[in-house]
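What follows is a set of notes on a single structure, which appears directly below.
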Ligand SMILES: Cc1ncc(COP(=O)(O)O)c(C=O)c1O
């Protein structure tokens, strides 16, 4: 490559880099050019004067950018001769080399059998088609978050960059305890709150700290599949108990012995949306007390429901048998990876120790502090109310469109409207439609959440549709698309 060709490519890259600050723009343009091409040994850079004139930027900017590359060891300077680029293989060359090495060394990995089970753990989701339980992120109050971040950085100084080996940031634990007490009819204190990365991590900790392999656990049927597969991997003996219109049918659980814990989503059962009645919650607490069992309460979307008539089991349980899991994934941002477990005091220490054992420490102190201040300023509470209102409107739209486009094929059961809805095939719809529909949709890169995958026995067929991340126009468009897919597949199915 000649120097002129290099400059031409660099100018082109400079034009397309979407960066306002000129020095960063030039830095990124040079970096991109270096990865795009393969340069001969000791390639001489254009002089700073020439480059500044070509790109129409100050010579000082070019000098400083060259100095930065020098510091990184990518450029070197020879007095009186100019700056040179240390020869480095281009990205394309590196890829080719890697491929060559990779094909020569095809190692057969002998993975433990358990690893295969991991495949079932998560399923693909798409953002633009009824993503199951995905929150709206477009309305997130970025300005308020950014303002809180700036405040936290100025107030906390260096401590924000340190690892947190404790149960979590004190202010965050305090804010969570206060918020849950206010909204879920509980009376917990901040010392009972342990900060973790996710409900999934919380469930993993439960599996490791509370159980031995082979211990018995009761789940709901249908169940939250991420919990089911995780407990399966931990070697627990799972008993999935059917629901009635009040929630988990305790009579069916009566014959199961040595129940170590019951894992439930009582506020709005996942995926059916059935709300556990108050009477059933009280019976459940007595059931657990008589059998010396824990209750693992996954309260994943309860804050989206109305506060009245749906208290958390945690607040009703005077025996302190309840382990409560809450997550910011559905309320704020799934990428925040911030959740909490509210534990009986005696379990805080072992849970914390195990969390540190697998993760090294609490989740990012940086984000904990920002979130704590975001909550303290009232931004979290304010945002949740906005989201509640938004989801209520979207629910209305969903129901309207359901009647228009899906009601010929599906029906809904009594449910709590939160963020997703289970739709059941009507009796005359062949159950194979579920499988064929998912396959046909996948070809178009649309992922439909199959309902039957959540059942251990007595499966029901249909799908779980998340409406919370879609605006009204999008809900309508997705419903139309789903209707078309169903019509196509039904026409192809043998009668
Ligand atoms: C039943 C249930 N629990 C918990 C969660 C939140 O999980 P996490 O905190 O691991 O993202 C979800 C999210 O979809 C869920 O459906």
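Structural remarks
- The range 1-158 shape via C-alpha gyration tensor axes, a/c threshold 1.5: oblate
- Among beta bridges identified by DSSP and lying wholly in the chain, the antiparallel ones come to about 60 percent.
- Principal-axis tilt of helix 22-36 within the chain, Cα atoms, nearest 10 degrees: 90
- Overall form of the range 291-446 per C-alpha gyration tensor (a/c, 1.5; a/b vs b/c): prolate
- Highest average packing first - 403-410, 174-181, 461-468, Cβ atoms within 10 Å: 461-468, 174-181, 403-410
- Helix-only [θ]222 nm of the chain, DSSP H runs n ≥ 4, -39500 (n - 2.57) each, per residue, nearest 500: -14500 deg cm²/dmol
- Distance between the 7 Å Cα→Cβ label points at residue 244 and residue 97: 7.0 nm.
- Here the simple spin-label model places points 7 Å from the Cα toward Cβ, and for residue 189 and residue 444 these points are separated by 5.7 nm.
- Cβ crowding within 10 Å ranks 230, 371, 480 as 480, 230, 371, fewest other Cβ atoms first.
- Residues 57, 341, 107, 137 arranged by fewest to most Cβ contacts within 10 Å: 107, 137, 57, 341
- Difference of contour (0.36 nm per residue) and Cα-Cα distance, residue 389 to residue 427: 10.3 nm
- Distance between the pseudo-spin-label points of residue 117 and residue 458 (7 Å out from Cα toward the beta carbon): 2.5 nm.
- Residues within the reach of a label modelled at residue 333 (point 7 angstrom out along Cα to beta-carbon, backbone nitrogen below 17 Å), restricted to the range 164-202, are 197-198.
- Helix 472-492 vs. the chain, principal-axis angle (Cα, 0 to 90°, nearest 10): 70
- Rounded to 0.05, the FRET efficiency of the residue 320 and residue 484 pair, given R0 = 51 Å and the Cβ-Cβ distance, is 0.45.
- Euclidean distance of C-alpha centroids, the range 286-346 and the range 217-248, integer Å: 16
- Footprinting exposure proxy ranking of 443, 37, 218, 369, fewest other C-beta atoms within 10 angstrom first, gives 443, 37, 369, 218.
- Computed from the C-beta positions of residue 472 and residue 81 and an R0 of 60 Å, the FRET efficiency is 0.35 to the nearest 0.05.
- Per-residue extension of 0.36 nm, minus the Cα-Cα distance of residue 53 and residue 178, leaves a gain of 38.9 nm for this segment.
- Taking each residue as 0.36 nm, the span from residue 159 to residue 67 lengthens on full extension beyond its C-alpha to C-alpha distance by 29.9 nm.
- Using distinct alpha-carbon pairs, which all enter the 1/r mean, Kirkwood radius of the chain in Å: 26.5
- Once the Cα atoms are used to define both axes, helix 142-156 deviates from the longest principal axis of the chain by about 80 degrees.
Read-outs: derived from the displayed coordinates by stated rules, not from any lab. All values reported here derive from a predicted model rather than from experimental measurement. Backbone-built Cβ (ideal geometry, glycine too); neighbour counts: all protein chains shown.
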